[in-house]
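Colleague: A single structure is presented below for examination.
Just so it is clear, none of the values below were taken in a lab; they were calculated from the coordinates. Values in this document were obtained by computation on a predicted structure and should not be read as measured data. Neighbour counts run over all protein chains shown; Cβ positions are idealised from the backbone, glycine included.
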Amino acid sequence: MTTPESLTFRSDVTVELVKSSASDADVLFAARVSTVGEQSLDELKKDPERSKGLINYLMRDRHGSPFEHNSMTFFISAPIFVFREFMRHRVGWSYNEESGRYRELEPVFYVPGEDRKLVQEGRPGKYVFVEGTQTQREAVRGTLEESYEQAYTAYRKLLAEGVAREVARAALPVGLFSSMYATCNARSLMHFLGLRTQHELAKVPSFPQREIEMVGELMEAEWARLMPLTYAAFNANGRVAP
């Protein structure tokens, strides 16, 4: 049987860039082929300001296809409910998630951290989240941890009875951590960030659930390092994906 000590509770998420082929030059190659044909990398480096201006023009006027000629693969570990939101993003994304049919799932569960706002106030479409009281915070942690312990104990009991993993996993909640590889290009990532992060530069406000925003922020930091001109143009043009 599972004991409370054998469960792990996390309030963070993991995002690792495991491989990439992504640079601002990829955007420039793709854009300039339509007007001047094939160019070498040396030619692209001759006029940095022109390159910066071209990327900004493409972003501003929403010429999106040049931003698709690159690739980033992330390893992500997060609660299952985050992945269910994540997979609403289908265009320009590829996913492979760990399977509860083929492996025994580890007892790692999500509990909100101290900085997570807990209480929703207002009506749908016009609401805000506020901190909540210490009593509410203690209730969330205590209730979730107890629920997770009971659920994982039930899961292990079914496995011990010889029940198939794909059946036994039905006892587990969406607060269980899962992991996946997610591959995208800059254009699809910009669409994701426009919806799943809040930012002071965004022309169109977004109100993401905090846990998926945590994933988005970590992905954004990796992308900004790989494609700084594209990232700067994205922010300068209101964080609207082309």
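Colleague: Could you put 143, 135 in order, starting from the residue whose Cβ has the fewest other Cβ atoms within 10 Å?
Modeller: 135, 143
Colleague: Further question on the same structure: Given an 8 Å cut-off on Cα distances and at least 6 residues of separation, report the relative contact order of the chain as a percent.
Modeller: Over the chain, the number comes to 31 percent.
Colleague: For the chain, evaluate the Debye formula with one uniform point scatterer on each Cα (no solvent term) and list log10 I(q)/I(0) at q = 0.13, 0.14, 0.15 Å⁻¹, rounded to two decimals.
Modeller: Values, matching the q order: -0.88, -0.97, -1.05.
Colleague: What percent do you get for the relative contact order of the stretch 38-164 when only Cα pairs under 8 Å and 6+ apart count?
Modeller: 14 percent
Colleague: Roughly what % antiparallel, to the nearest 5, for the DSSP beta bridges in the stretch 4-236?
Modeller: Within the stretch 4-236, antiparallel bridges account for around 90 percent of the total.
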